[in-house]
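Student: Just passing along the structure, written as structure tokens.
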Amino acid sequence: MSQTEELSLKVSGEHVRQAVAHCIGVLRDVPAARWHSRAGGLEWTCWETVEHIADDLLTYAMRFGVARTMEVSRVPLLVSQARENGPANVIFADRTSGSDGLLTVMEACGGLLATVVDSADPTALAPHVFGPSDPEGFAAMGVVETLVHTYDVTHDLDRSWEPAQGLSERVLARLFPDVAVIDDPWSTLLWATGRIETTDRARRTNWRWHGEPLGGG
């Protein structure tokens, strides 16, 4: 990939906002009963899965809120579970606010990540379990978490949706540089994150993204 092509596929806060806005639109009319059932192949309910998205968006943003990002392995917030086998989060939505409240929490966390990654030093690095990453990498992670977990929530619903192919193309280039795009970027992203199999590739059971800056920068 040429330097011009790399620049054209950069991931920014605007793409985080696009992913969150698109997914809120998809999830807005999910039936009330669906929120309490399992999300796709996950052990979490649909409600818990969206809380997990919000939690990731928030904690990714917080990585760049400290002065010496690489000296703080994690922001020492209290992590808890609303139930056994539920996601371990630092943030939970008020259930009395309903699904609209839940989606507002996700939107707020996405907006915070978008603002932070666009204002942070683009060369700054912060820790992640898959290796230290830069603001662009965390923006791409936020997009991936938002898109694929929205797929999990809607997996068993009788509806068809897909995000803008450009979003998937950007995060594939940033986080999965060794994955060849086959058919289209969205289905390739679902394959890369272990959600589906294709006629050419068996479903992945072990995967991780490339969080480190590309080119070792």
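The values are calculated or read from the model by the stated rules, or taken from the named source; none is laboratory data. Computed from a prediction, not measured in an experiment: that's the story for all the values here. We place every Cβ from the backbone using ideal geometry, glycine too, and count neighbours over all the protein chains shown. Ligands, DNA and RNA are stripped out before the accessible areas are found, and what is left, the full protein with its side chains, is counted by its heavy atoms. Shrake-Rupley method; radii C 1.70, N 1.55, O 1.52, S 1.80 Å.
Student: Looking at the P(r) of region 1-89, how many percent of alpha-carbon pairs lie beyond 17 Å?
Tutor: Percentage above 17 Å: 65.
Student: Based on Cβ point charges of +1 for Lys and Arg and -1 for Asp and Glu, what charge dipole magnitude is obtained for region 70-217 about its Cα centre, in debye rounded to the nearest 20?
Tutor: 360
Student: Separate question: At a probe size of 1.4 Å, how large is the accessible area of VAL90, to the nearest 10 Å²?
Tutor: The accessible area of VAL90 comes to roughly 50 Å².
Student: Next up: FRET efficiency for ALA82 and ASP200, Cβ-Cβ distance as r, R0 = 41 Å, nearest 0.05?
Tutor: The computed FRET efficiency comes out at 0.55.
Student: Between LEU214 and ALA164, how high is the FRET efficiency from 1/(1 + (r/R0)^6) when r is the Cβ-Cβ distance and R₀ = 22 Å? Nearest 0.05.
Tutor: E(calc), rounded to 0.05, equals 0.50.
Student: Quote the accessible area belonging to THR69 in square angstrom, nearest 10, computed with a 1.4 Å probe and with ligands, DNA and RNA left uncounted.
Tutor: Here the residue's solvent-accessible area equals roughly 20 Å².
Student: Please compute the modelled spin-label separation between GLU71 and ARG95, points set 7 Å along Cα→Cβ, answer in nm with one decimal.
Tutor: Result: 4.2 nm between the two label points.
Student: When the chain is fully extended, how far beyond the present Cα-Cα distance does TRP207 get from ARG28, taking 0.36 nm per residue of separation?
Tutor: That works out to 61.4 nm of additional length.
Student: Starting from the Cα-Cα distance between ASP184 and PHE130, subtract it from 0.36 nm times their residue separation and give me the gain in nm to one decimal.
Tutor: The span from ASP184 to PHE130 would gain 16.9 nm if fully extended.
Student: Set Lys and Arg Cβ to +1 and Asp and Glu Cβ to -1, take the dipole of region 4-83 about its Cα centre, and tell me which of THR45, GLY13, LEU27 lies farthest positive.
Tutor: Result: THR45, furthest along the dipole toward the positive end.
Student: Using R₀ = 35 Å, calculate the FRET efficiency as 1/(1 + (r/R₀)^6) where r is the Cβ-Cβ separation of SER119 and LEU42; round to 0.05.
Tutor: That pair, SER119 with LEU42, gives E of 0.60.
Student: So which residue, out of PRO132, PRO76, PRO177, gets the largest mean-square fluctuation from a GNM of the chain using Cα contacts under 10 Å as springs?
Tutor: Per the Cα network of the chain with a 10 Å cutoff, PRO76 tops the list.
Student: So how do TRP44, TRP209 rank on accessible area, 1.4 Å probe, biggest first, that is with the largest at the start?
Tutor: Of TRP44, TRP209, the descending order of accessible area is TRP44, TRP209.
Student: Given the convex hull over the Cα atoms of the chain, what projected area results after averaging over all orientations, in nm²?
Tutor: 12.1
Student: What order do GLU84, GLU145, GLU212, GLU107 take when sorted by accessible area (1.4 Å probe), most exposed first?
Tutor: Output order, biggest surface exposure first: GLU84, GLU107, GLU212, GLU145.
Student: Follow-up. With a 10 Å cut-off between alpha carbons and a GNM built on the chain, which of VAL20, VAL148, VAL79 moves the most?
Tutor: Judging by the Gaussian network model, the answer is VAL79.
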